[in-house]
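Okay, so here's the structure we're looking at.
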Amino acid sequence: MDFIWLIPLLPGVGAAINGLLGIRYFSKVLAARIACATMGAALLLSLVAFLELLGLEHREHVVTLAHWIPPIPLETASGIGAFEVPWAFRLDPLSGMMILIVTGIGFLIHLYSTAYMDHEPRGGYVRFFCYLNLFCFFMLTLVLGSTFLVMFVGWEGVGLCSYLLIGFWYHKQSASDAGKKAFIVNRIGDFGFVLGVFLVFYTFGTVDFREVAEAASHMPVEVAGFGVVSAICLLLFVGAVGKSAQIPLYVWLPDAMEGPTPVSALIHAATMVTAGVYMVGRNAVLFEHAPMVMTVVATVGALTALMAATIGLVQTDIKKVLAYSTVSQLGYMFLATGVGAFAAGAFHLMTHAFFKALLFLGSGSVIHAMDEEQDMKKMGGLKYYMGTTFITMFIGAIAIAGVPPFSGFFSKDEILYRTFLSNKWLWGLAVVTAGMTAFYMFRLIFMTFFGDYRGPGWKHEEHGGHAEEHGHTWHGPHESPRLMTVPLMVLAVGAFAAGFVGVPAALGGGNAIEHFLEPSFVATSASHAGEAEHAVAHLSHGAELALMAFSVLVGLAGISLAYHLYVRRRGQADRLAANWSVAHRVLLNKYYVDEAYGATAIDGTMASARGLWTVDRRVVDGAVNGAGWLTRALSWVSHVLDKYVVDGLVNLVGWICQEGSYLFRRVQTGLIQNYAVATLFGVFAFITMYLVARYVGV
Amino acid sequence: MPAGFSALDFYYILPELLLTGGAMVVLLLAVLTPRNDNLLLGVSLGTLVASVLSVSLFSGLDVTAARGLLAVDSFAAFFKFIVLLSAGLTMLMSAPYLRVEGLKAGEYYFLILCATLGMMFMASGVDLITLFIGLETMAVSFYILAGFLKPNPRSNEAAVKYFLLGAFSLGVLLYGMSLVYGATGTTSLQGIAVALSGQSPSMVIVLAVVLIGAGMGFKIAAVPFHMWAPDVYEGAPTPVTAFLSVGSKAASFAMLLRIFVEALPAVAADWSALFWVLAVLTMTLGNIAALTQSNLKRMLAYSSIAHAGYLLIGVVVGTERGVASMLVYLGVYLFMQLGAFAIVVAMRRSDVVGDELKDLGGLFRRSPAAAFMMLLFMLSLGGIPPTAGFMGKVWLFGAAVDAGFVWLAVIAVANSAVSLYYYLRVVVFMWMHEDAQPGSPLVFGPAMTVALGIAILGTVVFGIYPQLLFEQAQAAAGTLEGFSATVALR
């Protein structure tokens, strides 16, 4: 298992080869092969590592690759500590699951992209794969990193790749703006994260996850007050909020849809955006010692889930619907971690990775088929043209809607159940969200695949027509090539079956994933994993089943409402929108949050910058100019003195010397003696110093 | 063969012997094929490589050779690597320079090798006589090298100044050494330490500390013994200036550490105070004087004075950690300083002298590669992460704080802030000023490319992964300390 450092490195090598040589020299096929091969190899290694992990008793393996930062003494709460960071990777259940997700889904998306990006010119194509590989390198570093600092390297790296890939079509103003927005909004979160890491080191004297968890487990739980652990957790959570697009920093994610669709699937659905959830889970012990922050996490999660779902109800851009759905589902994950169900959050992270990647790739297939059209109003009836895409996306939609026995059901239900035990209000919000999720997701399916075709017409032309004139002529909606549909099918299987690893006890399962992940969420010296579990309140299996049935019913109600509005009585939806025009407009404009941020944060910053500039110009420059004037006046006085008093003496010598060159004069007038005198002066001064010290006694 | 010298002694000075032999071969070749610059460069570099390899033969050893005149230990090895590497980089960047200036390569490389030989003895000598002879070998080579641009009056001026003041300061140094000999009756560093241990230091020894401090202060260009440095640095051929500011400085620091840490631990409090004052004066004056320079070489000269001030912090601290930090800083300084000088050398073309700050105007537009490299070196010299210069400063200043020299660290940090002004001014010129007289385009030949590549690699790699250098430095400092520790036990 000591090879786990190779897992991130392989895609890194791929990125380096494609980036350094490929953009200039490689053909599309070669570049794609390098990228896919490195990802495939990483996937294989991850599988091997995972299997070996299952055989380990402690379910943990740390590989220290190198000493990265040698000990630097720094002030900590308990005296001077050594700030020492090894470049170490940790494989444990949580990171094991994450590397499988990242390499597995990453590999499928690499395959898919080889076909999806085919229209790109060669240079852009290679650049795309270089970025994609680079992203996987950083993402795997993030999840495998065994210290906050190594994780932070990955954390910033994926942010960079996200920026590069959102703005991949940088000639498009909206795309480059969206890239910048994502980057800047994430900076706010990263600021919190960095401060959190500082505080972690100051408090615990280490940045190693395991050591921090150990130390924290010996600290009292901050039930009543807001102590240092709470401060750390809150700061870390700010980082998670930025990366995982939660209120109030979620605004960048919908805009991130400007990137190519495989990017949305990989980075903005399956992997990078879940990094925040992962990081909170990684520090489960810390967060459990800060109940107040846990409440904040749960509340932010539930509110984000609800708010994003409501926005998703009315969007007509197929990718925007999915984007808000992602924000909403991430909210679910935070809700789970916030109520202490870290395993449930991670479980949902995993199932979500499958079905959301599937839905995004499916939407990419649709967009591909519709010649880059993303507006669902201009689609419809596509199931007749692209059967595979339809069936796989349908499976994805069922999974996210929470219909048993699809994967989303198990993970979402676990979250709902645990939330119910912890806080009934949040549970209410989550159930309403679940209904909305089912509704907007089937609205998407119905608008896209059912009904009549509403898109633009196309020419049925004979071969050898004037197709060459445009270079690329659209022949109407069509199924995508195999390289795109095969990943869809694989993901569909995952979206269906991934939930079976977490069948709850009430349904006769063993909830295997929860027991598997548990070691990642406790400190080793703490009581046995099971005991923490027993502390949690339980409902009878009957009540649990009733809750389950209720949430399934809510989901089915959402689906049938969508069917009613968008298939059986079409037009009903528009009437509804007209009757509730104010609400509809607010939702359509996403609660005007972007506008509000624009008016407050952005304009505010600009205004204060302008204000400071004015102050700078008027006050500071004024002072500087005043000082300058004073200096000039003084120098004039000194000049007058110089001219008539000093110069009188010097001029005689000076005039003679002016004739020779400046250089010549310096040698001739014997400055070298002055140098020697300076040296001697130094010696005497030091001797005097010692004499004084010795005989006077300082 | 003098009595008491064995074959083993000759084995232990294999690196020095190889260097001597190589120098002779170069001198012979210079007579036989005076125009074959590439051959001469190849032989000289080969000599250095052979010497490096033979130094690594002795890794881990800690013995004395030649009847206690020389030490073969990690400390010596560390400094030998540093001076050999700086000699190599200097030669690589000299190749195009010699062509442009039309200088004779053979003698030039011969002198560089001789100077390196002297430095090696300064690194390994554990006897005042050995150290002094090493110093002289180095200094005499440099007197000639500084005046190597024979038709150039500035170069001549530099040579004469360096020679006269060098002779003067050597007198001061020798006076100090003779006082030590008079007081202890031995020239062996170990013997001096033994003779001085257990008795309260006499005034003679304190006087000797000041005189030796002044003599060494001259070599490392510490204020107020620095007056020669700006003139000599500006006048000497640029690669020689580079070598002078890195190789000579490093070797002198090695000698300084040997003498003070190994021979004079009995008066540690006295010399620590002396170097405290020297460090503060040196970094402050160096930085402030650098602010207004318009000549790039002169600016780098003052910058190098300021860096000597930072390095002295390690001597003041005097602990193993302090010395280790200082060695790290020297290792880092080697790459960034030589890199910056290599860019200045590259600016020298047949029609442009290129050592004025304004010659860099708009360099970014003419040669983005050169501008980016210079940017990196300037950031590193200023101590901005993620460059090596930052890591070096963190340790050095950290060591000072750790040993209780908080004010020294505060002054050093304030000085670093001041220094940023003139380092970033270079960047401002390269990016924001209007284009300078373009002259012929900047071309990096193969030798120069290798030199810059190594310098960049060192500056970046040690900034991100400093452990590599740190371990070596710690091992080196360990042998130095270990030596004095065993002395103290006796």
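Listing for the model above:
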quantity: Selection count, segment A:299-320, where residues are of a type in the set (Val, Ile, Thr), surrounded by 24 or more Cβ atoms within 10 Å (Cβ to Cβ) and either at pLDDT 95 or above or touching a Gly at 6+ places or on another chain (Cβ under 9 Å) (or both); calculated: 1
quantity: Complete set of residues in segment B:255-280 that are open to solvent by less than 10 Å² (accessible area, probe 1.4 Å), within 13 Å of chain A (Cβ to nearest Cβ) and among the β-branched types (Val, Ile, Thr); calculated: B:267
quantity: Selection within segment A:76-119 - over 28 Å from residue A:348 (Cα atoms) and of a type in the set (A, V, I, L, M, F, W, C); calculated: A:77, A:80, A:82, A:83, A:85, A:87, A:115, A:117
quantity: Any chance residue B:156 is within 14 Å of another protein chain (Cβ to nearest Cβ), open to solvent by 10 Å² or more (accessible area, probe 1.4 Å) and out of contact with any Pro (no Cβ under 9 Å at 6 or more places or on another chain); calculated: yes
quantity: Test: residue in segment B:349-368 that is within 14 Å of chain A (Cβ to nearest Cβ), open to solvent by 10 Å² or more (accessible area, probe 1.4 Å) and either within 20 Å of residue B:410 (Cα to Cα) or part of a helix (DSSP H, G or I) (or both); calculated: no
quantity: Condition check for residue A:110: within 14 Å of chain B (Cβ to nearest Cβ) and of a type outside the set (Val, Ile, Thr); calculated: no
quantity: Test: residue in segment B:461-471 that is more than 14 Å from chain A (Cβ to nearest Cβ) and on the phi < 0 side of the Ramachandran plot; calculated: no
quantity: Filter result (in contact with a Phe, Trp or Tyr (Cβ under 7 Å, 6 or more places away or on another chain), of a type outside the set (Val, Ile, Thr) and closer than 19 Å to residue B:129 by Cα) within segment B:209-235; calculated: B:211, B:213, B:214, B:217, B:218
quantity: Any chance residue B:429 is out of contact with any Lys or Arg (no Cβ under 8 Å at 6 or more places or on another chain), more than 14 Å from chain A (Cβ to nearest Cβ) and crowded, with 16+ Cβ neighbours inside 10 Å; calculated: no
quantity: Answer residue from segment B:181-207, given it is within 11 Å of chain A (Cβ to nearest Cβ) and not in a loop (DSSP other than H, G, I, E, B) and is farthest from residue B:315 (Cα to Cα) among those; calculated: B:203
quantity: From A:215, A:269, A:240, residue being within 30 Å of residue A:119 (Cβ to Cβ) and either out of contact with any Pro (no Cβ under 7 Å at 6 or more places or on another chain) or in a loop (DSSP other than H, G, I, E, B) (or both); calculated: A:269
quantity: Any chance residue A:154 is under 16 Å from the mean Cα position of the chain (by Cα), over 29 Å from residue B:324 (Cα atoms) and more than 14 Å from chain B (Cβ to nearest Cβ); calculated: yes
quantity: Checking residue A:86 against (1) open to solvent by less than 50 Å² (accessible area, probe 1.4 Å); (2) of a type outside the set (Ser, Thr, Tyr); (3) more than 23 Å from residue A:4 (Cβ to Cβ), the condition it does not meet; calculated: (3)
quantity: Segment A:351-369, subset among the aliphatic types (A, V, I, L, M) and surrounded by 24 or more Cβ atoms within 10 Å (Cβ to Cβ), residue farthest from residue A:519 (Cα to Cα); calculated: A:366
quantity: Check on residue A:37, buried (at least 21 other Cβ atoms within 10 Å of the Cβ), over 30 Å from residue A:200 (Cα atoms) and within 28 Å of the chain's Cα centre (by Cα); calculated: no
quantity: So residue B:74, is it among the polar types (S, T, N, Q), out of contact with any Lys or Arg (no Cβ under 7 Å at 6 or more places or on another chain) and either within 17 Å of residue B:55 (Cβ to Cβ) or away from every other protein chain (no Cβ under 14 Å) (or both); calculated: yes
quantity: Which numbered condition residue B:50 fails, given (1) touching a residue at least 40 places away in the same chain (Cβ under 8 Å); (2) in contact with a Leu (Cβ under 7 Å, 6 or more places away or on another chain); (3) not basic (Lys, Arg); calculated: (1)
quantity: Residue match in segment A:172-186 (condition: touching a residue at least 60 places away in the same chain (Cβ under 8 Å), more than 19 Å from residue A:245 (Cβ to Cβ) and touching a strand residue (DSSP E or B) at 6+ places or on another chain (Cβ under 7 Å)); calculated: no
quantity: Residue in segment A:58-68 that is surrounded by fewer than 19 Cβ atoms within 10 Å (Cβ to Cβ), touching a residue at least 12 places away in the same chain (Cβ under 8 Å), more than 28 Å from the chain's Cα centre (by Cα) and away from chain B (no Cβ under 14 Å) present; calculated: yes
quantity: Which listed residue, of B:322, B:318, B:309, is more than 14 Å from chain A (Cβ to nearest Cβ) and closer than 16 Å to residue B:412 by Cα; calculated: B:309
quantity: Matching residues in segment A:20-34 - criterion: being surrounded by fewer than 18 Cβ atoms within 10 Å (Cβ to Cβ) and in a helix (DSSP H, G or I); calculated: A:20, A:21, A:23, A:24, A:25, A:29, A:30, A:33
quantity: Out of B:303, B:350, sole residue that is at pLDDT below 95 and either of a type in the set (Asp, Glu) or farther than 17 Å from residue B:375 by Cβ (or both); calculated: B:350
quantity: Elements of type helices (runs of 4 or more DSSP H) in segment B:375-489, at least 3 residues being under 25 Å from the mean Cα position of the chain (by Cα) and of a type in the set (S, T, N, Q); calculated: B:406-432, B:467-489
quantity: Selection within segment A:73-122 - among the β-branched types (Val, Ile, Thr) and not in a helix (DSSP H, G or I); calculated: A:76, A:80, A:85
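The values are calculated or read from the model by the stated rules, or taken from the named source; none is laboratory data. None of the values given here were measured: they were computed from a predicted structure. Here Cβ is always computed from backbone atoms with ideal geometry, including for glycine, and neighbour counts include all displayed protein chains. Side chains included, ligands, DNA and RNA excluded: accessible areas come from the protein's heavy atoms. Shrake-Rupley method; radii C 1.70, N 1.55, O 1.52, S 1.80 Å.
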